[in-house]
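The values are calculated or read from the model by the stated rules, or taken from the named source; none is laboratory data. Since we're looking at a predicted model, the values are computed, not measured. In this analysis, Cβ positions are derived from the backbone assuming ideal geometry, glycine residues included, and neighbour counts consider all displayed protein chains.
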Amino acid sequence: MSQDRTGSSAAEERRQSGADPLGRAMLAHHRDTPGQLTYRDGTERRDGNVAEFYFSSPESWDRETIDALERLADAEPVLDVGCGAGNHLLWWADRGVDAVGVDASPNAVLAARERGLEDVLVGDMFDLPVPTNAFGAVHVVGTQLGLGRSLAGIRELLVEFTRVTDDGGVAVVDNYDPTRLDEDCFGYRPDPREGVAHRCFHLEFERETDDGEPRREIGRTLQFLLCSPARLREGATGTPWDVCGVSRDDEGAHYRAVLEKTG
């Protein structure tokens, strides 16, 4: 894998690919139609767990998740980047918080709209389809920040988040810390640099068509940069964002970081 790929080239690949297995899996689950989402890395396979990852009840969320959502709500309006089927948007809506969702998947956006959400847009996070200075907060979880593929790509994303937020902007992002991660992580790829690693895999969605024939949709290979909090701070260098807080799940590899716009 090339280490110097920028976010722009990744965005171009997304525009060129029409496959949408994850979004179709979300839409199929919402409509209660059969289907199977699978993560694949060579011969390795893992269940996509659509219900658990994208339709879980807030009662099952950990305290760190709720704290992050509340922190962002205090800085509304919120932009939920990579909103999927809208689980977090629904949580904010139930509390009267002004929030807009963006997702690259048309089918995920359709699922969110069918769940009653109106302010959900199809768009790429490197070129968000929203006005400048329109939001007080940005929410980017599911390790999507890693789709920048490199520290330069993460910096490019942070520059775009700078554009869409006001002077007091706050952001919540998440990732895996390679210094606390072993090679059993699905799709793991090592890197010689301290605090940096990668994940590579693709998704497949299989379901029966109306005439009973199986149909499989195969997505492009996804490449994620995994970086420690220290490396995330390095990626934020040259942007107005500072990493102001980091929380971990039981001191594990996964972490959430709060970034504030400081000038």
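Given (1) outside any helix (DSSP H, G or I); (2) surrounded by fewer than 17 Cβ atoms within 10 Å (Cβ to Cβ), identify the lone condition not met by GLU70.
Unmet condition: (1).
With the structure loaded, tell me whether ARG216 is of a type outside the set (Asp, Glu), over 17 Å from the mean Cα position of the chain (by Cα) and at pLDDT below 95 or whether it fails that test. Write out each step before concluding.
Working: of a type outside the set (Asp, Glu): yes; over 17 Å from the mean Cα position of the chain (by Cα): yes; at pLDDT below 95: yes.
Yes, satisfied.
For the subset of segment 26-52 comprising residues that are closer than 18 Å to GLY187 by Cβ and in contact (Cβ under 8 Å) with a residue 60 or more places away in the chain, which member is farthest from the chain's Cα centre (by Cα)?
For segment 26-52, the residue satisfying everything is GLU44.
If you take the residues of segment 129-146 that are over 24 Å from ARG231 (Cβ atoms) and touching an Asp or Glu at 6+ places or on another chain (Cβ under 9 Å), which of them is surrounded by the most Cβ atoms within 10 Å (Cβ to Cβ)? I'd like the intermediate steps shown before the answer.
Initial filter on segment 129-146 (over 24 Å from ARG231 (Cβ atoms)): 129-136.
Those still in the list that are touching an Asp or Glu at 6+ places or on another chain (Cβ under 9 Å) too: 133-136.
On the way: ASN133: 13, ALA134: 14, PHE135: 27, GLY136: 21.
Among residues in segment 129-146 that are over 24 Å from ARG231 (Cβ atoms) and touching an Asp or Glu at 6+ places or on another chain (Cβ under 9 Å), the one surrounded by the most Cβ atoms within 10 Å (Cβ to Cβ) is PHE135.
What tally of residues in segment 135-182 results from selecting those that are among the small types (Gly, Ala, Ser), assigned to a helix (DSSP H, G or I) and within 22 Å of LEU69 (Cβ to Cβ)? If you could, list the steps in order and put the result at the bottom.
Taking segment 135-182 as the starting set, the residues that turn out to be among the small types (Gly, Ala, Ser) are 136-137, 142, 146, 148, 150, 152-153, 168-169, 171.
Then keep just the ones that are assigned to a helix (DSSP H, G or I); that gives 146, 148, 152-153.
From what is left, the residues that are within 22 Å of LEU69 (Cβ to Cβ) are 146.
Looking only at that region, the number is 1.
Name the residues in segment 88-113 that are within 22 Å of SER60 (Cβ to Cβ), among the charged types (D, E, K, R) and assigned to a helix (DSSP H, G or I), would you?
Passing the criteria: only ASP94.
For segment 19-38, what are the residues that are surrounded by fewer than 19 Cβ atoms within 10 Å (Cβ to Cβ) and either over 19 Å from GLN223 (Cβ atoms) or at pLDDT 95 or above (or both)? Walk me through how you get there before you give the answer.
Looking only at segment 19-38, we keep the residues that are surrounded by fewer than 19 Cβ atoms within 10 Å (Cβ to Cβ), and these are 19, 31-34, 36, 38.
Scanning segment 19-38 gives ARG31, ASP32, THR33, PRO34, GLN36, THR38.
Out of curiosity, is GLY153 within 24 Å of PHE126 (Cα to Cα) and modelled with pLDDT under 95? Walk me through how you get there before you give the answer.
Working: within 24 Å of PHE126 (Cα to Cα): yes; modelled with pLDDT under 95: no.
The answer is no for GLY153.
When the residues of segment 223-235 are filtered to those that are surrounded by 19 or more Cβ atoms within 10 Å (Cβ to Cβ) and within 18 Å of the chain's Cα centre (by Cα), which remaining residue is farthest from ASP47 (Cα to Cα)?
So in segment 223-235, the residues surrounded by 19 or more Cβ atoms within 10 Å (Cβ to Cβ) come out as 223-228, 231-232, 235.
Now narrow it down to the ones that are within 18 Å of the chain's Cα centre (by Cα): 223-228, 232, 235.
Values: GLN223: 18, PHE224: 19, LEU225: 22, LEU226: 21, CYS227: 25, SER228: 26, LEU232: 29, GLY235: 32 Å.
For segment 223-235, the residue satisfying everything is GLY235.
Of GLY169, GLY187, which residue is among the small types (Gly, Ala, Ser) and touching a Gly at 6+ places or on another chain (Cβ under 8 Å)?
Working: GLY187 fails: touching a Gly at 6+ places or on another chain (Cβ under 8 Å).
GLY169 is the lone residue from the list that is among the small types (Gly, Ala, Ser) and touching a Gly at 6+ places or on another chain (Cβ under 8 Å).
For segment 141-176, name all the residues that are of a type outside the set (S, T, N, Q) and more than 16 Å from the chain's Cα centre (by Cα).
Answer for segment 141-176, where residues must be of a type outside the set (S, T, N, Q) and more than 16 Å from the chain's Cα centre (by Cα): LEU151, ALA152, VAL159, ARG163, VAL164, ASP166, ASP167, GLY168, GLY169, VAL170.
Yes/no matrix, rows are residues, columns are (1) closer than 20 Å to ALA25 by Cβ; (2) touching a Cys at 6+ places or on another chain (Cβ under 9 Å); (3) in contact (Cβ under 8 Å) with a residue 24 or more places away in the chain; (4) surrounded by 19 or more Cβ atoms within 10 Å (Cβ to Cβ):
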site: GLY148; (1), (2), (3), (4): no, no, yes, yes
site: GLY153; (1), (2), (3), (4): no, no, yes, yes
site: LEU157; (1), (2), (3), (4): no, no, yes, yes
site: ARG163; (1), (2), (3), (4): no, no, yes, no
site: ASP166; (1), (2), (3), (4): no, no, yes, no
site: GLY195; (1), (2), (3), (4): no, yes, yes, no
site: GLU208; (1), (2), (3), (4): yes, no, yes, no
site: GLY212; (1), (2), (3), (4): yes, no, no, no
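Between ARG216, ARG189, which is among the basic types (Lys, Arg), in contact (Cβ under 8 Å) with a residue 12 or more places away in the chain, surrounded by 14 or more Cβ atoms within 10 Å (Cβ to Cβ) and within 30 Å of GLY35 (Cα to Cα)? Please lay out each step first, then the result.
Details: ARG216 fails: surrounded by 14 or more Cβ atoms within 10 Å (Cβ to Cβ).
Within the list ARG216, ARG189, the selection yields ARG189.
Please work out which residue is nearest to GLY148 (Cα to Cα), limiting yourself to segment 75-96 and to residues that are aliphatic (A, V, I, L, M) and touching a Leu at 6+ places or on another chain (Cβ under 6 Å).
Here the residue is VAL78.
Does any residue in segment 241-263 that is farther than 12 Å from GLY169 by Cα and loosely packed, with under 13 Cβ neighbours inside 10 Å come within less than 9 Å, Cβ to Cβ, of a residue that is among the hydrophobic types (A, V, I, L, M, F, W, C) and modelled with pLDDT under 95 six or more places away or on a different chain, and which pairs are these?
What qualifies is GLY252/LEU181.
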